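One structure is given here, and the rest of the page talks about it.
The values are calculated or read from the model by the stated rules, or taken from the named source; none is laboratory data. Because the structure is a prediction, the values reported are computed rather than measured. So basically every Cβ, Gly included, is an ideal-geometry build from the backbone, and we count neighbours across all protein chains shown.
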């Protein structure tokens, strides 16, 4: 059975892509292959396979950063992934605890 594929267009920051391409090449990957891996993991795990941390204009100490990261890792371990809507709720709760 032949593998089907489709073309998509995405906008990326050219500076970031220029930095990422040589790193991917050292791994034997193209940006397209990485995107396919990412989408496959999202489909399999029904979550984003890495933490997404929203930028917020707050100052934190290294200890607070460790506390937030530990909480995110614990949450991921308990749930087996990061459903996107829950990620932002979890981050907001952690940041509110710092204020």
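So the values come out like this:
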{"item": "Qualifying residue in segment 36-50 (condition: over 27 Å from residue 89 (Cβ atoms) and at pLDDT 85 or above)", "result": "yes"}
{"item": "Neighbours by Cβ (under 6 Å, 6+ apart or cross-chain): first from segment 27-52, over 14 Å from residue 10 (Cβ atoms); second part of a helix (DSSP H, G or I)", "result": "48/84; 49/41; 51/72; 52/87"}
{"item": "Hey, residue 86 touching a helix residue (DSSP H, G or I) at 6+ places or on another chain (Cβ under 9 Å) and modelled with pLDDT under 70 or not", "result": "yes"}
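Yes/no per residue for (1) farther than 30 Å from residue 96 by Cα; (2) within 15 Å of the chain's Cα centre (by Cα); (3) surrounded by 11 or more Cβ atoms within 10 Å (Cβ to Cβ):
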residue	(1), (2), (3)
5	yes, no, no
8	yes, no, no
17	yes, no, yes
23	yes, no, no
27	yes, no, no
34	yes, yes, yes
40	yes, yes, yes
43	yes, yes, no
59	no, no, no
